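Here the structure comes first, spelled out in structure tokens, and everything after it is commentary.
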Amino acid sequence: MSRTSAVLGHDKYCAPFPVILETVRTVKKLGFPDKFIVKNIDDSIIFNLERPSFSIHKRYTLFDDEKNPIVTLHSKRMTAHNRWEVFRGKSDQRNDLLFSVKQHHIIQLKPNLDVFLAANTEEIVCDFMVLGSWSGGSFSVHDVQSNDKIAQVHEFIYLYLTLQKKLPFT
């Protein structure tokens with residue numbers, strides 16, 4: 001199976017070295033969005049993850065530091081494997097689907113996720129696997145074809161993201 005390229009944002013979001021990021025969740029207030037802010041070590045905002053107020057749908061949008069939408073995450077309702085779909089920008093159109101994510105097993109103790117790129121419509125074998133820890137604070141992302149670890153998060157509050165090889169997401 002050949003790897004399919006996908007536009008996941010911009011080269012400015014990639015680094016060939018470990019990047020220390022801090023996530024901060026805003027306190028949910030009545031009438032205001034539920035929000036995650038991602039900052040770098042210099043305390044500069046890199047990303048905002050926002051959920052609309054008063055929405056019955058599980059839907060989040062990831063914005064860059066200039067408030068441009070990068071991706072939209074949408075939870076599929078009524079699925080046994082807790083499936084999420086990720087779309088380009090603020091879209092929810094099928095032709096803007098980048099990838100989908102689902103639990104590896106319906107019942108699991110550790111968070112293990114299967115990631116399918118949009119071109120992988122049969123979903124017989126996933127393209128990437130996210131393997132979590134018992135504590136839920138750490139996880140790693142693996143390329144299924146090469147079995148290489150391509151990213152890793154070491155802690156829940158401070159994220160140490162390491163891209164160990166460049167993948168063809170251009």
Whichever residue in the range 30-50 is on the phi < 0 side of the Ramachandran plot and among the charged types (D, E, K, R) and, among such residues, is modelled with the highest pLDDT: ASP42
Inside the range 75-127, can you point out the residues that are exposed (fewer than 14 other Cβ atoms within 10 Å of the Cβ) and of a type in the set (Val, Ile, Thr)? THR79, ILE106, ILE107, THR121, ILE124, VAL125
Search the range 64-103 for residues being of a type in the set (D, E, K, R) and over 19 Å from LEU49 (Cβ atoms), and hand back the single one that is nearest to the chain's Cα centre (by Cα). LYS102
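The rows are residues; the columns are (1) part of a loop (DSSP other than H, G, I, E, B); (2) at pLDDT 70 or above; (3) of a type outside the set (Asp, Glu); (4) more than 22 Å from HIS154 (Cα to Cα).
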{"site": "ALA6", "(1), (2), (3), (4)": "yes, no, yes, yes"}
{"site": "LEU21", "(1), (2), (3), (4)": "no, yes, yes, no"}
{"site": "LYS28", "(1), (2), (3), (4)": "yes, no, yes, yes"}
{"site": "ILE56", "(1), (2), (3), (4)": "yes, no, yes, yes"}
{"site": "LEU73", "(1), (2), (3), (4)": "no, yes, yes, yes"}
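The values are calculated or read from the model by the stated rules, or taken from the named source; none is laboratory data. Please read all numbers here as calculations on a predicted model, not as lab measurements. All Cβ positions, even for glycine, are placed from backbone atoms using ideal geometry, and neighbour counts span all protein chains on display.
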